[in-house]
Amino acid sequence: MYQPALWHDYFAVVGTGAAALTGLVFVAMTLHLEEVTGDPVHRHRARTILTGLTAVFIRCALVLMGGQNAQAIAVEIIGVLLVVEAILYNSIRQAARSADNGVLWRAIGSFACLVLEQIGALILFWGNPAGLYVVGLGMMSSFIFMVTGAWLLLVGVGAQQAAVSLRNVGDRDQ
């Protein structure tokens, strides 16, 4: 039997963490906006990280809304995940020409986490509350991709800035 009270703290903590990370990543990206927007891979990472973190927050908030049964929650989770998958797919298509295999494999890994969540939501929809464990596993696994993606984005921007600085120093020395 589905007991939403048992899941309240989990989704409250995960949703709060996702909201906090979204704000931090947004500020970091804003500080390097020119570099992020000027590179297709950086844009892809920025877009998918912000989308992913925001979508985790939204899914958690939807689960925490009162008065819903398991089927309603499952449908909401699947709906949000379909939107995230569409954004991720379009983003990787745009970045693919400039991306290395690592970016493509990370996108596949992110898709796998989203699909795992959808499987969990389907299990929940068909009446087995254990589906929320699968949803939680997929959600936590996707955090690995989002947090490491944010790190790779910032490292990539830093490397890009360092290369520009070295080039400027070299131009001045000539």
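Here are a few things to note about the model shown:
- Search result, residues across region 21-69 that are under 13 Å from the mean Cα position of the chain (by Cα) and either modelled with pLDDT under 90 or more than 24 Å from residue 80 (Cβ to Cβ) (or both): none
- Checking each residue in region 1-16 for being in a helix (DSSP H, G or I) and among the hydroxyl-bearing types (Ser, Thr, Tyr) picks out 10, 16.
- Some residue of region 121-141 being in contact with a Ser or Thr (Cβ under 7 Å, 6 or more places away or on another chain), on the phi < 0 side of the Ramachandran plot and either part of a helix (DSSP H, G or I) or not aromatic (Phe, Trp, Tyr) (or both): no
- Among residues that are under 24 Å from residue 122 (Cα atoms), among the small types (Gly, Ala, Ser), under 18 Å from the mean Cα position of the chain (by Cα) and surrounded by 19 or more Cβ atoms within 10 Å (Cβ to Cβ), residue 15 is included.
- Residue within region 120-127 that is among the aromatic types (Phe, Trp, Tyr), farther than 15 Å from residue 10 by Cβ and under 18 Å from the mean Cα position of the chain (by Cα) present: no
- Whenever a residue of region 97-114 is more than 13 Å from residue 144 (Cα to Cα), its partners that are of a type in the set (D, E, K, R), lying with C-beta atoms within less than 9 angstrom and at least six residues away or across chains, give the pairs 98/39; 103/45.
- Matching helices (runs of 4 or more DSSP H) fully within region 17-113 where at least 3 residues are small (Gly, Ala, Ser) and within 30 Å of residue 3 (Cα to Cα): 40-64, 70-95
- Region 73-125, subset in contact with an Asp or Glu (Cβ under 7 Å, 6 or more places away or on another chain) and under 24 Å from residue 46 (Cβ atoms), residue surrounded by the fewest Cβ atoms within 10 Å (Cβ to Cβ): 111
- Matching residues, region 44-71, being surrounded by 14 or more Cβ atoms within 10 Å (Cβ to Cβ) and free of Cβ contacts under 8 Å to residues at least 24 places away in the same chain: 58, 62
The values are calculated or read from the model by the stated rules, or taken from the named source; none is laboratory data. Model, not experiment: these values are computed from the prediction. Don't worry about glycine lacking a Cβ; one is built from the backbone with ideal geometry, like all the others, and counts go over all protein chains shown.
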